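Working notes, beginning with the structure itself.
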């Protein structure tokens, strides 16, 4: 009985995953690879912990993982304004404003990741800022007082990306009538990326609050998962918006919602 119940749950989940991938025009094999990629990344980096120098090279400042983070954020910085413009043109002003705010937030986050160019051009940190900045850099997120808010913001963003697609899948057809649903709900294949980032933040908050080196630096991998999920979510939405028939559907959304209200 238990095996039969487990099999039904697995079949149901696999069917939801397949339908969601088709809805997003993502080939099933590609969707599966995207779902597995963050898990593989997390395991591979964790396996390098015994090799201290190599692990440090992966997670250190201005090293491989941090530059991959920057590339993901840069991709989102390019895609988000394009999506925002298309939404305004389609008549979805409220969602366009929301995307505009997200765009500003991601631009700010991207600038913070590279210390607003300080790491590239090597200028000195102003004295007043250096005194209150934990790393002595031209950044806001390392200022004492602000620094404590960053993990909370990361946790909320990660929980949104992990939980909302699952809730949407559970609601099923009741959400399918909302034309703008995809603009607000990431595809299921990106849930592992957001879920890993959320699980790490909850682990640090509830179980391991002390900033030990290995655990603390491993957070860079989880941030990469979060930024990768964001960049892919933007790309999939832009790809759908570029289809004329979908743009026409989203453009008619305000009128359809108005008729339903009447």
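The values are calculated or read from the model by the stated rules, or taken from the named source; none is laboratory data. Because the structure is predicted, anything quoted here is derived from the model rather than measured. Neighbour counts are summed over all protein chains in view; Cβ atoms, including those assigned to glycine, are modelled from backbone coordinates with ideal geometry.
So residue 123 ticks every box in (1) modelled with pLDDT under 65; (2) within 21 Å of the chain's Cα centre (by Cα) but one. Which box is left unticked?
(2)
Going through the range 216-237 one residue at a time, which ones are at pLDDT below 95 and either surrounded by fewer than 16 Cβ atoms within 10 Å (Cβ to Cβ) or in contact with a strand residue (DSSP E or B) (Cβ under 9 Å, 6 or more places away or on another chain) (or both)?
216
Any residue at all in the range 30-42 that is loosely packed, with under 13 Cβ neighbours inside 10 Å, out of contact with any helix residue (DSSP H, G or I) (no Cβ under 9 Å at 6 or more places or on another chain) and either at positive phi or modelled with pLDDT of 95 or more (or both)?
Yes.
Could you look through the range 47-86, keep only residues that are under 20 Å from residue 233 (Cα atoms) and more than 20 Å from the chain's Cα centre (by Cα), and pick out the one that is surrounded by the most Cβ atoms within 10 Å (Cβ to Cβ)?
86
Answer with yes or no whether residue 103 is outside any helix (DSSP H, G or I) and at pLDDT 65 or above. Even if it seems obvious, please write down each step before you answer.
Working: outside any helix (DSSP H, G or I): no; at pLDDT 65 or above: yes.
When the stated conditions are applied, residue 103 does not pass them.
Would you say residue 22 is loosely packed, with under 14 Cβ neighbours inside 10 Å, on the phi < 0 side of the Ramachandran plot, at pLDDT below 95 and outside any helix (DSSP H, G or I)? Break it down stepwise before answering.
Details: loosely packed, with under 14 Cβ neighbours inside 10 Å: yes; on the phi < 0 side of the Ramachandran plot: yes; at pLDDT below 95: yes; outside any helix (DSSP H, G or I): no.
The answer is no for residue 22.
Could you tell me how many of the residues in the range 62-84 are over 14 Å from residue 229 (Cα atoms) and in contact with a helix residue (DSSP H, G or I) (Cβ under 8 Å, 6 or more places away or on another chain)? Spell out the reasoning first.
Residues of the range 62-84 over 14 Å from residue 229 (Cα atoms): 62-67, 78, 81-84.
This time we only want the ones that are in contact with a helix residue (DSSP H, G or I) (Cβ under 8 Å, 6 or more places away or on another chain), so: 62-66, 81-84.
Residues flagged as over 14 Å from residue 229 (Cα atoms) and in contact with a helix residue (DSSP H, G or I) (Cβ under 8 Å, 6 or more places away or on another chain) within the range 62-84 amount to 9.
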